[in-house]
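K.L.:
There's a structure below that I have some questions on.
What follows draws every value from the coordinates through simple rules; no lab data is involved. Predicted model, so just to flag it, every value in this text is computed and none were measured. We place every Cβ from the backbone using ideal geometry, glycine too, and count neighbours over all the protein chains shown.
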Amino acid sequence: MNSEALELEFKKSEIPYEREKKLPIFYDDQPLKKYFKADFVCFNSIIIELKATKFLIDADHRQTINNVKATKFKLGLLINFGTLSLTYKRIIN
């Protein structure tokens, strides 16, 4: 499954989402000029990061944690479609 197919599933399930949403990044509660572009944001509160690799590595997990914290979101999902069975990590800020 790719991001286009996932988008169709969101529509079919009536899940509110935004694709490739630009999110402000904060440092010490100050917004930075840079932004982070999430693959998807669902319910205006969950960052969805997609991968398509044989396995998730620690750097993928750390990157998603950093993105969730830097954007001040409370929840992120790191989803990997590159394995025989879908794998995911739930990231709570």
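K.L.:
With a sphere of radius 15 Å drawn around the Cβ of SER85, what net charge do the other residues whose Cβ falls strictly inside it have (Lys, Arg +1; Asp, Glu -1)? Present the calculation step by step, with values, prior to reporting the outcome.
P.N.:
Details: positive: LYS51, LYS54, LYS89; negative: none.
Taking every other residue near SER85 into account, the sum is +3.
K.L.:
Sticking with this one: May I ask for the net charge around PHE43, where only other residues with Cβ less than 13 Å from the Cβ of PHE43 are counted and Lys, Arg are +1 while Asp, Glu are -1? Write out the running numbers ahead of the final one.
P.N.:
On the way: positive: LYS21, LYS74; negative: GLU14, GLU18.
Result for the neighbourhood of PHE43: 0.
K.L.:
What 222 nm value per residue comes from the helices of the chain, counting each DSSP H run with n ≥ 4 as -39,500 (n - 2.57) and dividing by all residues, nearest 500 deg cm²/dmol?
P.N.:
Details: 2 runs with 23 residues, N = 93.
Using -39500 (n - 2.57) per qualifying helix, the result is -7500 deg cm²/dmol.
K.L.:
Another question, then. Pairs LYS21/LYS74; LYS22/LYS69; LYS33/LYS89; LYS21/LYS72; LYS54/LYS74; LYS11/LYS54: which exceed 18 Å Cα-Cα?
P.N.:
On the way: LYS21/LYS74 16 Å; LYS22/LYS69 15 Å; LYS33/LYS89 29 Å; LYS21/LYS72 14 Å; LYS54/LYS74 27 Å; LYS11/LYS54 27 Å.
Flagged as over cut-off: LYS33/LYS89; LYS54/LYS74; LYS11/LYS54.
K.L.:
Separate question: What is the local net charge at GLU18, summed over the other residues whose Cβ is closer than 13 Å to its Cβ (Lys, Arg +1; Asp, Glu -1)?
P.N.:
Working: positive: LYS11, ARG19, LYS21, LYS22, LYS37; negative: GLU7, GLU20, ASP39.
Counting the neighbours of GLU18, the net charge comes to +2.
K.L.:
What is the chain's relative contact order, in percent, from Cα pairs under 8 angstrom and six or more apart in sequence? Spell out each step's value before the answer.
P.N.:
Working: 170 pairs, mean separation 21.5, N = 93.
Dividing the mean separation by the residue count of the chain yields 23 percent.
K.L.:
Next question. What number do you get for the chain when its Cα radius of gyration is normalised by 2.2 N^0.38 Å, N = residues? Don't jump to the answer; show the numbers that get you there.
P.N.:
Values: Rg = 13.3 Å, N = 93, 2.2 N^0.38 = 12.3 Å.
The chain yields a ratio of 1.08.
K.L.:
Further, regarding this structure: Compute the length gained on full extension between THR83 and GLU20: take 0.36 nm times their separation in residues and subtract their Cα-Cα distance, giving the result in nm to one decimal. Write down the numbers at each step before the final one.
P.N.:
Details: separation 63, 0.36 × 63 = 22.68 nm, distance 2.31 nm.
My answer for the length gained is 20.4 nm.
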